[in-house]
Amino acid sequence: MADQASRAKLEELNLPDGAHIIARELGKYTIYETRDHHVVIDGPDSDKCQKPGIHKAMMEIADITIHNPKLKTEYNSRIGYAYKIALDGDADGCESELKKIAQDMTSHMRRTCQRAYQIGALGAAVVPSIVYVIAYQFCPLNDLAIRLFSAAVFAALGGFLSVLIGSRQLELDLKESFGTTMVYGIFRIIIGVISGVVVVFLIRADFLLGPLKKAENYDAFAVACFVAGFSERLIPNVLKNFESSTRVRK
């Protein structure tokens, strides 16, 4: 019965089936959301929403939602009520509200990107530990293998801590999909793991932290690998300095 009454009301107002009324002033305007999440203004006063400032603010919102259509379902009611402000005679208030909506949408997308980046990094960070446990259970591991697995584990942890600390300041493309941003987080951990593995061989070759080569205590070794994973530029800088010194000797 409720669905029939709602449909009858839409027919009475000459609105499309599935529309959702946001605001209505009898004889002046009706603001509604269509089934495909478009906000429509119907009525003789709709020209009040065509002023340059309102149009510019709506173009900014449209640019955001075209890359993230799901935002429409969350913010269309607010957009509709912003239109209502203009139709009631306050165009500046409508423009201000639409700009605030655009800012809130951007903040929402930024939080989503940060969360995707962190989730991707977390997923990648636990992989070395899982592989280490499986390999330890089913394969005999020599000292080098243990060091490599340990380096990967601690470097991944260092990389993940770096992600948690730096993700708020990280410049992410807000228009990228959730999955693509997760891949960026995975790549960050892969870089950290590679750096940790390189540390193992730099130590073995006496190019870096030579005393750790024969040390039985793994504490300093674990810290070195953790720092290598945490600092994205540490190992590249070490290798660059090594390359420079090699050129000078030649």
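The values are calculated or read from the model by the stated rules, or taken from the named source; none is laboratory data. Note that the structure is predicted; figures quoted are calculated from it, not measured. Please note: Cβ atoms are built from the backbone with ideal geometry, for glycine as well, and neighbour counts cover all protein chains shown.
For the structure I just gave you, tell me whether ALA205 is loosely packed, with under 14 Cβ neighbours inside 10 Å, over 22 Å from the mean Cα position of the chain (by Cα) and among the aliphatic types (A, V, I, L, M). For ALA205, the condition - loosely packed, with under 14 Cβ neighbours inside 10 Å, over 22 Å from the mean Cα position of the chain (by Cα) and among the aliphatic types (A, V, I, L, M) - is met. When the helices (runs of 4 or more DSSP H) confined to region 1-102 are screened for residues that are modelled with pLDDT of 80 or more and either hydrophobic (A, V, I, L, M, F, W, C) or exposed (fewer than 15 other Cβ atoms within 10 Å of the Cβ) (or both), those reaching at least 2 such residues are found at 52-65, 71-87. For first residues located in region 165-181 and under 27 Å from VAL227 (Cα atoms), partners that are modelled with pLDDT of 80 or more and lie 6+ apart or on another chain with Cβ distances below 6 Å form the pairs SER167/GLN114; SER167/TYR117; SER167/GLN118; LEU172/CYS113; THR181/CYS113; THR181/ALA116; THR181/TYR117. What residue, among those in region 196-250 that are polar (S, T, N, Q) and more than 30 Å from SER167 (Cβ to Cβ), is modelled with the lowest pLDDT? Ranking the qualifying residues of region 196-250, first place goes to THR246. Identify the single condition in (1) over 22 Å from THR112 (Cα atoms); (2) out of contact with any strand residue (DSSP E or B) (no Cβ under 9 Å at 6 or more places or on another chain); (3) of a type in the set (Phe, Trp, Tyr) that TYR81 does not satisfy, given that it satisfies every other one. Result: TYR81 fails condition (2) only.
Can you spot a residue in region 149-168 that is in contact with a Leu (Cβ under 9 Å, 6 or more places away or on another chain), under 19 Å from ASP219 (Cβ atoms) and in a helix (DSSP H, G or I)? Yes: one or more hits.
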